[in-house]
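The values are calculated or read from the model by the stated rules, or taken from the named source; none is laboratory data. The structure presented is a predicted model; accordingly, all values stated were derived computationally and were not measured. Here the Cβ positions follow ideal geometry from the backbone for every residue, glycine too, while neighbour counts run over all protein chains shown.
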Ligand code: CS2
């Protein structure tokens, strides 16, 4: 192995710094270093450099450890400013692993499918321009593909570890790269495909740690511990990482720092997406409609908690559980984690990108229930209606408005009337994917629930629930 084995991480944000960075820093054996790549956040990279590449993790809530100084990331790049340097970092023989946290929408999936959306903005242009290392790609997939194309010259193996809340995240990434390769000029496409086949692995993973955005409170907590830090990362004490043992070459001994190597990652993924993330979305949208700001407020509100528990009841039978896994314990512990008010996890943050997130969290369970005789499970209906209500109709304070890539389309569709929106969005425009578009009884129930939310309000809907 090279002298200074290295990971290139794509998607420098709080989650990476509180999750994979910690497992890497704590791994036994030869130390690994991280070159972290932000897509466009110049300020974060400059601040990190100004702080000698160090930052603090501030654990918050019951059982929190003391603030901890981290120095495992020793190089940071901005993809938008230094595209050639990012490619060179991926192609470098010292790099053996690329990890990714680029968010659900960052992969470029066609909504609700496991295929690349070749019509999405920038994809074809990125493919046509991939031969030019100085060109700034629009998509993160092209950032990665450019590095891999250059690396293919050496044939050095590499492991690509997707760490986003996407089902089959590794298998999907491999497929997207191959579909992107098919868009490249023939010689480049053949080279990339041959390299992917021969020397690249893409293990599936499940990642878990609640990591909110940084606020002044966290800066104060770091300062109290003696760390002047503009960019500390808050995180709950809980952390979990499950990976397939499928590495193309050298990798940190993440199992020695607590990661679980398992051949049941697909089961853990569904546990996470359906029990944790979906419940989190429910708390976010009901919380916003209830005038709340923090996830923890909903987690201790009886009516919201009951609806969220019911969602877990509907999710649980749709999952083949990992061996020895106790779902009730897990779900109870989730409420303890969600109730961590000090953590300051906001409904705005969890509620953002709902169209990309719910596509991972809702259609599969709805299809399962339809096959088992219940086309409109009430908590899944409420979750979907609450998302539409929160992003289209709710009059929220500015700081509480979730980002929503589909908002303009949804607002335009809403001009047809509240009773028409669900069908127009979910069936005609398949905003949550083609699988859900086929569930017409479900969509009718969502429509009725959305009308009820608008006419009677959340309190009345929850009272009837
Ligand atoms: C949340 C997740 O924003 C969201 O959609 O559900 O970020 C959640 O906090 C993490 O997945 C926890 O591991």
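Quick notes on this structure:
- One residue alone among 301, 277 is without any contact (Cβ under 8 Å) to a residue 40 or more places away in the chain, surrounded by 17 or more Cβ atoms within 10 Å (Cβ to Cβ) and in the same structural domain as residue 401 (by the TED database), and that residue is 301.
- Selected residue (criterion: nearest to residue 25 (Cα to Cα)) from residues of the range 258-284 that are more than 16 Å from the ligand (Cβ to nearest atom) and out of contact with any helix residue (DSSP H, G or I) (no Cβ under 6 Å at 6 or more places or on another chain): 262
- Among the candidates 248, 255, the residue that is in contact with a strand residue (DSSP E or B) (Cβ under 9 Å, 6 or more places away or on another chain), more than 11 Å from the ligand (Cβ to nearest atom) and not in a helix (DSSP H, G or I) is uniquely 248.
- The helices (runs of 4 or more DSSP H) found wholly in the range 125-238 include none carrying at least 3 residues that are surrounded by fewer than 19 Cβ atoms within 10 Å (Cβ to Cβ), within 16 Å of the ligand (Cβ to nearest atom) and touching a residue at least 60 places away in the same chain (Cβ under 8 Å).
- The single condition among (1) over 28 Å from residue 33 (Cα atoms); (2) assigned to a helix (DSSP H, G or I) that residue 113 does not meet is (2).
- All conditions in (1) within 14 Å of the ligand (Cβ to nearest atom); (2) out of contact with any helix residue (DSSP H, G or I) (no Cβ under 9 Å at 6 or more places or on another chain) hold for residue 395, with the sole exception of (1).
- Test: residue in the range 68-83 that is surrounded by 20 or more Cβ atoms within 10 Å (Cβ to Cβ) and out of contact with any strand residue (DSSP E or B) (no Cβ under 8 Å at 6 or more places or on another chain): yes
- Qualifying residue in the range 360-380 (condition: modelled with pLDDT under 95 and within 16 Å of the ligand (Cβ to nearest atom)): yes
- Any hit, the range 14-29, residues being touching a residue at least 12 places away in the same chain (Cβ under 8 Å) and assigned to a strand (DSSP E or B): yes
- Yes/no for residue 287 being crowded, with 24+ Cβ neighbours inside 10 Å, in the same structural domain as residue 458 (by the TED database) and within 16 Å of the ligand (Cβ to nearest atom): yes
- Checking 104, 59 one by one, the residue that is surrounded by fewer than 23 Cβ atoms within 10 Å (Cβ to Cβ), over 23 Å from residue 353 (Cα atoms) and in the same structural domain as residue 228 (by the TED database) is 59 and no other.
- Of all residues in the range 334-354 being over 25 Å from residue 404 (Cα atoms) and crowded, with 22+ Cβ neighbours inside 10 Å, the one that is nearest to the ligand (Cβ to nearest atom): 337
- Test: residue in the range 313-329 that is farther than 21 Å from residue 213 by Cβ and within 13 Å of the ligand (Cβ to nearest atom): no
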